[in-house]
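Encoded as structure tokens, the structure appears first; notes follow it.
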Amino acid sequence: PLTAGIVGLPNVGKSTLFNAITKSQVEAANYPFATIQPNVGVVEVPDHRIDRLVELFHPKKTIYTTFEFTDIAGLVKGASKGEGLGNQFLSNIRLTDAICHVVRCFDDPNITHVENTIDPVRDIEIINLELILADLQTVENRISKVERKSKSTADKEAKAEMALLSKLKPHLEAGEPARSLQLSEEEALLVKNYNLLSSKPVIYVANMDEEGVMDPESNPYYQKVTAFAAKDHSEVVALCAKMEEELSSLDAEEKAVFLEELGLPQSGLDRLIQKAYRVLGLCTFLTAGEDECRAWTFKAGMKAPDCAGVIHTDFKRGFIRAEVYAFEDMDALESEHAIKEAGKLRLEGKDYVVQDGDVMHFRFNV
Ligand code: GDP
């Protein structure tokens, strides 16, 4: 499964956020395949569509899809030079698909900041620089392998790669992350091979205090983070890690009451999960019936047989066709019978590109 790594300077609230995640962990009974390691938290992806299907189908079982966070503690200045456990941290980040970068946006004289003052953009730049420097090493190593080949022969591949590397190098040297470099489709494919740290999608988690999070827009720290993120091709989520930790120890009903009292439609963690899911290009299709209503994760662009394979490899191998309707039609018409009557049930074949929110029923040979 895809995973988002949680990084940040010391004392910004990473452990507090990660505690909130592990306390909200899914029930192992529903997810027998989730081998849960101590630094990994698997959470449900909140989905109002499932809630609505449950209202309509009254299933025996309800299963949300899940998303994984990995705690990557301790990245510090100098990591790219191997300082502290630097290289270890960088290689842990390399294994992630997206980065949740926690920054401190709260004042508290009792909690020291490693750089003494509160300045989230400076904090962001400290860590981003380590990632960029590590990438620069990767790029330079690659250049030393490819450069001669690209000059001495008619090797088209080497020439194309060298052209890309000579764009990447000055970009990184200027302190810019790889993700902000404009690339052609072919270049984007090539660059994937390097698994650059600064090409991973980033969500900045602006960690605020309880009061600040009620109105993040008026928090000057948050304003600076959003302005930075806009240039950086990144996303921002404002939350209060401490509050999330408290929320995560409540049951669903208590949590709903708590949020309602504060006038918040959703918890910060739920917003973070949904955003992380989206920046990774993940989508959800649904299966619905009296036995079970369930959400399944697929990658945008996947076709029907591959989505069938998400449920079971046999479904993919023996795929015949899929019966599909859009969640919105069920929401409006409220029964499969009404959907058929309205001509909204479609039969789709093996080339059908599944859409987010499709309710699928697969027909297959065993
Ligand atoms: P880490 O080093 O990044 O993992 O940071 P921790 O999660 O251990 O948090 C450092 C300190 O900041 C702890 O004492 C937390 O209780 C405190 N803290 C975390 N989030 C908040 C917050 O939103 N508001 C305030 N006032 N303190 C917080």
>> Please go through (1) surrounded by 13 or more Cβ atoms within 10 Å (Cβ to Cβ); (2) over 22 Å from the mean Cα position of the chain (by Cα); (3) within 16 Å of the ligand (Cβ to nearest atom) for VAL324 and return the number of the only condition it doesn't satisfy.
In response: (3)
> Can you name every residue in segment 117-129 that is crowded, with 16+ Cβ neighbours inside 10 Å and either modelled with pLDDT under 90 or within 15 Å of the ligand (Cβ to nearest atom) (or both)?
Replying inline: ILE118, PRO120, ASP123, ILE124, ILE126, ILE127
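Residues that are touching a residue at least 40 places away in the same chain (Cβ under 8 Å) and away from the ligand (no atom under 16 Å from the Cβ), at least 3 per element: which helices (runs of 4 or more DSSP H) completely within segment 187-290 meet that?
On the way: elements: 220-232, 241-248, 252-262, 268-279.
The qualifying helices (runs of 4 or more DSSP H) are 220-232, 268-279.
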> Under 6 Å by Cβ, and 6 or more places apart or on different chains, what pairs join a residue from segment 97-118 that is farther than 25 Å from LEU269 by Cα and assigned by TED's automatic domain parsing to the domain that holds PHE228 with one that is in a loop (DSSP other than H, G, I, E, B) and within 12 Å of the ligand (Cβ to nearest atom)?
Replying inline: VAL114/LEU9; VAL114/PRO10
> Here is a list of conditions, (1) away from the ligand (no atom under 16 Å from the Cβ); (2) modelled with pLDDT under 90, and PHE89 meets all of them except one; can you say which number that is?
Replying inline: (1)
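Test of understanding: among LEU282, LEU250, LEU264, which residue is under 18 Å from CYS100 (Cβ atoms) and either of a type in the set (Asp, Glu) or surrounded by 14 or more Cβ atoms within 10 Å (Cβ to Cβ) (or both)?
Values: LEU250 fails: under 18 Å from CYS100 (Cβ atoms); LEU264 fails: under 18 Å from CYS100 (Cβ atoms).
Sole residue among the options that is under 18 Å from CYS100 (Cβ atoms) and either of a type in the set (Asp, Glu) or surrounded by 14 or more Cβ atoms within 10 Å (Cβ to Cβ) (or both): LEU282.
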>> Going through VAL114, VAL102 one at a time, which residue ends up being within 16 Å of the ligand (Cβ to nearest atom) and at pLDDT 95 or above?
In response: VAL102
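The values are calculated or read from the model by the stated rules, or taken from the named source; none is laboratory data. Because the structure is a prediction, the values reported are computed rather than measured. Cβ sites come from the backbone with ideal geometry, for glycine too, and all protein chains shown count toward neighbours.
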